[in-house]
Amino acid sequence: MSRKTSALPLNLPVPAGRELYRWIYEELRTAILDGRLQPGSRLPATRDLAETFRVSRPTIITAFEHLKSEGYVEGRVGSGTYVSEVLPDQLLQVRSTRSAKRLPHRRMPLSSYARRLHPFFSATAPRTVRAFRANQPALDAFPTTLWAQVAARRLRRVSSTLLAGGESLGYRPLRQAVADYLNTARGVKCSAEQVLIVSGAQEALDRTGRILLDAGDPVWMEEPSYPGAVRVFQALGARIQAVPVDEEGLDPELGKQRCARARLVYVTPAHQYPLGVTMTLRRRLALIEHARRSGMMIFEDDYDSEYRYSGRPVPALQGLDRSGVVLFAGSFSAVLFPALRLGYLVVPESMVDVFAAAGSVSTHHPPLLEQAVLCDFITEGHFARHVRRMRELYAERLAVLLESARQELKGLLEISSVEAGLQTIGWLQGQLSAERAAAAGAEHDLEVIPLNRYAWGRIRRQGLVLGFAAVDPREIRRGVDRLAAALRSLRQGRAH
Ligand SMILES: Cc1ncc(COP(=O)(O)O)c(C=O)c1O
């Protein structure tokens, strides 16, 4: 049992015509059931209680003995009495009825935004990585010692100016470092003034939605799509218009047919999420042209596109835009580690002020020390080295996945050979259902996500999302073997 001492100042109401020990017993029991006295915490000493409430010590001891005999507390009088770690079920029921009586359940009026909110959990469970965990980089390969050195150096030299806080657009030297990186490595055309540092691409989405959308505004979404983006726009009351993705990416012609005047479009052109296709130049130009003519803004999510294994690097769509219709977002979650919660958003010059104002009334800015450490990590060259190293590691893991799948999954699952990113798609053969395949996979200790969970309409092909970046080659081979067994048994079940 963890021995926490309760610092709780026990405020017990004065009794009215009851036996003193019974009164003390009931009040302590209520404090335990209410959670004011937490499991494991030490009850105040009998002597102190006796003094505080002007009762004799034996009265308090009798109350304690009663609590002990019923399982509320443990320990010996004299060496400390502690609230039991596990209260019997029947006691927990007492607790719920009692608190229900005391706190009548009033339905609080919520805003329409709150009523439209659906929780979105992108974080993966913090346990051993199994095949085929998606959305996660190889965290065991992250250079934590190096990061700690950079952070320690920065902390030793920290100035009071930095401790005082900064601009809501982010730490200026980091904005410059990100602008330099994006101009050289991603073909983005921007100055540091246009770069905002945010708490991940998710915040970039939320802030953009709040600034650009009113309830009822139509938004084109790639289908299938990143569910975290769908949740943001739904919560704002936007009208989501699904635009299917084919091997060239989102088709603006289909978008126009379905909804000619959308306010915003969400795209992942470098590496479509979750299918992995790269949007062709033809489609990119057509999308920008339509946006320019119709007044639609483009949200380009560049999440995880640093990792390109084959094909030519594809410059960002933002770099093709001459009329200021693109907002470009990226994140350090997939490149460094998700807990960092740092990302960036590049906005057209004319929108910098409104984004700065929005930041100033919410988080103000993401933690400045982390921003400064990240800035050092980039400018000292560690970032580029890490990306290079991870690119090689992930290319190797993708090759292992493709090779084992070629040997083991023939006729069951056809794996797309993606050119970039942390995951790929396995297309189910022979009309197997993705939901049932994922359930069978889970029984074989595998993590596979059915593709239909990324779509809200009907999806034509049955596929599974398979992550490979976070999974080591041995586990990939085990995963392919187990997946083959799971799919075979599913197929046999169908045949019977
Ligand atoms: C396509 C895509 N965009 C954005 C995000 C959000 O990333 P961040 O962790 O930077 O908020 C994710 C997270 O998984 C993602 O997959």
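All of the numbers you see were taken from the coordinates with simple rules; none came from a lab. Just so we're clear, the structure is a prediction, and the values are computed from it rather than from any experiment. Ideal geometry is used to build each Cβ from the backbone, glycine not excepted, and the neighbour counts take in all protein chains shown.
How big is the antiparallel share of DSSP beta bridges in the chain, given as a percent to the nearest 5?
On the way: 27 of 46 bridges.
Close to 60 percent.
Give the angle, between 0 and 90 degrees and rounded to the nearest 10, that separates the Cα long axis of helix 172-185 from the longest principal axis of the Cα atoms of the chain.
40
What angle, in degrees between 0 and 90 and rounded to the nearest 10, separates the Cα long axis of helix 89-102 from the longest principal axis of the Cα atoms of the chain?
Rounded to the nearest ten degrees, it is 90.
Report the one residue of Gln318, Ser168, Leu110 whose Cα lies farthest in the direction of the positive end of the charge dipole of the chain (charges on C-beta: Lys and Arg +1, Asp and Glu -1; origin at the Cα centre).
Most positive-ward Cα: Leu110.
Grab the other residues whose beta carbon is less than 12 angstrom from that of Phe299, score K and R as +1, D and E as -1, and report the net. Mind showing how you got there, number by number?
Numbers: positive: Arg207, Arg263; negative: Asp206, Glu222, Glu300, Asp301, Asp302.
Here the count lands on -3.
If you take the charge dipole of the chain about its Cα centre, with +1 on Lys and Arg Cβ and -1 on Asp and Glu Cβ, which of Thr81, Thr184, Gly359 is farthest toward its positive end?
It is Thr81.
Once every DSSP H run of n ≥ 4 in the chain is given -39500 (n - 2.57) and the sum is divided by its residues, what mean residue ellipticity at 222 nm do you get, rounded to the nearest 500 deg cm²/dmol? All intermediate terms of the calculation are to be shown ahead of the outcome.
Details: 17 runs with 210 residues, N = 496.
-13000 deg cm²/dmol, from helical runs alone.
Which angle between 0 and 90 degrees, to the nearest 10, do you get for helix 20-34 versus the longest principal axis of the chain when only C-alpha atoms count?
0
Just to confirm the filter: which GluC sites (Glu not before Pro) across the range 182-280 are DSSP coil and have at most 12 other Cβ within 10 angstrom of their Cβ?
In loop regions of the range 182-280 (DSSP not H, G, I, E or B), the sparsely surrounded GluC sites (Glu not before Pro) are Glu247.
Stokes-Einstein at 20 °C, 1.002 mPa s, Kirkwood radius from Cα pairs: D for the chain in µm² s⁻¹?
81
Lys/Arg Cβ at +1, Asp/Glu Cβ at -1, dipole of the chain taken about the Cα centre: which of Thr59, Leu483, Gly430 is farthest positive-ward?
In the chain, that residue is Thr59.
Along the three principal axes, how long is the range 339-446 when you take its alpha carbons, biggest first, rounded to the nearest angstrom?
Reported extents, whole Å, longest axis first: 55, 32, 29.
By per-residue mean of other Cβ atoms within 10 Å, what is the highest-first order of 386-393, 269-276?
269-276, 386-393
Would you mind working out the magnitude of the charge dipole of the chain relative to its Cα centre, with +1 at each Lys and Arg C-beta and -1 at each Asp and Glu C-beta, to the nearest 20 Debye? All intermediate terms of the calculation are to be shown ahead of the outcome.
On the way: 67 positive and 51 negative charges, 187 e Å.
Here the size comes out at about 900 debye.
When you take every Cα atom in the range 176-263, what is the radius of gyration, and what is Dmax, the widest Cα pair distance, in Å?
15.1, 41
Let me know the charge dipole size of the range 339-495 about its Cα centre in debye, to the nearest 20, where only the beta-carbon of Lys, Arg (+1) and Asp, Glu (-1) is charged. Can you show the working numbers first?
Details: 20 positive and 18 negative charges, 184 e Å.
Approximately 880 debye in magnitude.
What GluC sites (Glu not before Pro) in the range 311-384 are in a loop by DSSP, with at most 16 other Cβ atoms within 10 Å of the Cβ?
Loop-located and lightly packed - Glu380.
Viscosity 1.306 mPa s, temperature 10 °C: Stokes-Einstein D of the range 134-234 from its Kirkwood Cα radius, in µm² per second? Walk me through the numbers on the way to the answer.
Values: Rh = 17.1 Å.
Calculated translational D: 93 µm²/s.
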